[in-house]
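Below: the structure, in C-alpha cells.
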C-alpha cells in the first residue's frame, strides 16, 4: 500500500536535545541543512516511507492535525556513528485529542508509522548524506601484507617467508 500525499515541510531540529551529554549544535545544523537543502534528504526519506506505509489518508491527516511531524528529532550519535531519531507518540488520552481517532488500534498504527518514518529518514541521512567520520582509521582486516603495504614492513619481517 502507499500514501499519495505531498511531502510536508521537514521538522526543525536546530535546538539542543534534553538528554544530550555534549553540545551537538553544529551536527544538528548540518542535519537540518541535509533535510532542507537542495538534495532534500527529508523529501527522499518521506517519499520512500510513503511508498510503503499502510497508513490511510485519514490517519495521515490526524498525524498532520496533531502536528506530530514537527516533533520528529534527528541527531548524530557518536557511539554508533549514525543518525538516530526520536519520534513523538499519541498519548493515552487520545480520545480527547482528535475527533477522527476512533480506536487504540488506529493510534498504535499512527505511532508505529511515525516511528517508521523517523527510521527511514535517519537511514537516508546516515547512508547518503552524513560524512563526519572522515578521520576514522580504516581497519585492516588481514594485516599490512595483504593491503599492498609490504614495503612498510621492516626488512626482517618482509623476508621471513622467502
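Which of the following residues is at pLDDT below 95 and assigned to a helix (DSSP H, G or I): 45, 29? None of the others qualify; the one that does is 29.
Taken across the stretch 47-68, residues that are over 20 Å from residue 8 (Cβ atoms) and surrounded by 15 or more Cβ atoms within 10 Å (Cβ to Cβ) do not occur at all.
Is there a residue in the stretch 36-44 that is within 14 Å of residue 110 (Cα to Cα) and touching a helix residue (DSSP H, G or I) at 6+ places or on another chain (Cβ under 8 Å)? No. Check whether at least one residue in the stretch 12-21 is under 22 Å from residue 112 (Cβ atoms), modelled with pLDDT of 95 or more, surrounded by 13 or more Cβ atoms within 10 Å (Cβ to Cβ) and in contact with a helix residue (DSSP H, G or I) (Cβ under 6 Å, 6 or more places away or on another chain), and report yes or no. No; the residues of the stretch 12-21 include none that is under 22 Å from residue 112 (Cβ atoms), modelled with pLDDT of 95 or more, surrounded by 13 or more Cβ atoms within 10 Å (Cβ to Cβ) and in contact with a helix residue (DSSP H, G or I) (Cβ under 6 Å, 6 or more places away or on another chain).
Among the residues making up the stretch 113-128, those that are under 8 Å from the mean Cα position of the chain (by Cα) and farther than 10 Å from residue 82 by Cα are 118, 119, 120, 121, 124. Taking the criterion of being farther than 27 Å from residue 35 by Cβ and either within 14 Å of the chain's Cα centre (by Cα) or part of a helix (DSSP H, G or I) (or both), the residues of the stretch 78-108 that qualify are 94, 95, 96, 104, 105, 106. Consider the stretch 70-103 and keep the residues that are surrounded by 12 or more Cβ atoms within 10 Å (Cβ to Cβ), more than 17 Å from residue 123 (Cβ to Cβ) and out of contact with any helix residue (DSSP H, G or I) (no Cβ under 7 Å at 6 or more places or on another chain). The one that is modelled with the lowest pLDDT is 78.
The values are calculated or read from the model by the stated rules, or taken from the named source; none is laboratory data. It should be emphasised that the depicted structure is a prediction, and the values quoted were computed from it without experimental measurement. Using ideal geometry, Cβ is built from the backbone for each residue, glycine included, and neighbour counts are taken over all protein chains shown.
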